[in-house]
Amino acid sequence: MIKDLLDIEKIEFDVHAEDWKDALRKAGRYLVEQGKIDQQYVENAIDACVERGPYIVIMPGVAFGHARPDESVHEQCLHMIRLDEPVNFGSEYNDPVRIVFMFASESSGGHLTVMRSIAKMLVEPENVELLINGTDKDKIRKLLASY
């Protein structure tokens, strides 16, 4: 599922973010540029975190940005960035975050399928280590393409 949504060649490494909001904006930037989502969707994802807290920080070092489906989503999509320096989202147990996914779906159940694929990948500690600290971009791309 990840391989079907994520443009493996366009994942970004060493992205600088001032804070968690900036990290979400930068994770969504490519999807906005591609016309898959509007900037409003990214702002909705930020607003959801402000309202509900850092529920999108799904495990130590990893955030899965998303919002409710609405007219700002034009196509189901996923993008991943790795920050040059981790940022805090306010998660007591899972901060700081270095890997940020931005996901959008036109349907409310769409994120569950993608979350299962990401969870399947992240259950292996060596996969998490590779995503967070790996220096071989081709290895990281191959890992993401295998799910």
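Quick notes
- Answer label for mean projected area of the Cα convex hull in nm² (calculated), chosen among (i) 10.2; (ii) 10.9; (iii) 7.6: (iii)
- Relative contact order (%) - segment 1-83, alpha-carbon pairs under 8 angstrom, separation at least six: 47 percent
- Each Cα pair under 8 Å and six or more residues apart adds its separation to the average, and for the chain the resulting relative contact order is 29 percent.
- Taking only the Cα atoms of segment 1-84, the ratio Rg/Rh comes out at 0.93, with Rh defined as the Kirkwood radius.
- Scanning the chain for long hydrophobic helices, with DSSP H runs required to stretch 18 angstrom or more by C-alpha along their axis and to average at least -0.5 on the Kyte-Doolittle scale, returns 110-122.
- Per residue solvent-accessible surface (Å²) - the chain, probe of 1.4 Å: 49 Å²
- Accessible-area composition of the chain, carbon plus sulfur, in percent [1.4 Å probe]: 46 percent
- Distance between segment 1-63 and segment 106-129 - C-alpha centres, whole angstrom: 14 Å
- Two numbers describe the Cα atoms of segment 43-92: Rg and Dmax, which are 11.9, 34 Å.
- Residue-wise HN-Hα coupling along segment 85-94, computed from phi with Karplus coefficients 6.51, -1.76, 1.60 (Hz; x: Gly, Pro): 10, x, 10, 8, 9, x, 8, 4, 9, 10
- Estimated Rh, segment 1-43: Kirkwood, alpha-carbon pairs, angstrom: 11.3 Å
- DSSP beta bridge pairing in the chain, given as percent antiparallel to the nearest 5: 60 percent
- Alpha-carbon Rg/Rh ratio, for segment 97-138, with Rh computed the Kirkwood way: 1.05
- Net charge of the neighbourhood of Gly35, taken over other residues with C-beta under 15 Å away and scored Lys/Arg +1, Asp/Glu -1, is -3.
- Whole-angstrom Cα spans of segment 69-147 along principal axes, big to small: 37, 31, 21
The values are calculated or read from the model by the stated rules, or taken from the named source; none is laboratory data. Here the structure is a predicted model, which means the values were calculated and not measured. Every residue, glycine among them, receives a Cβ derived from its backbone with ideal geometry; neighbour counts consider all protein chains shown. We work out accessible area using only protein heavy atoms, side chains counted, and drop any ligands, DNA or RNA first. Shrake-Rupley method; radii C 1.70, N 1.55, O 1.52, S 1.80 Å.
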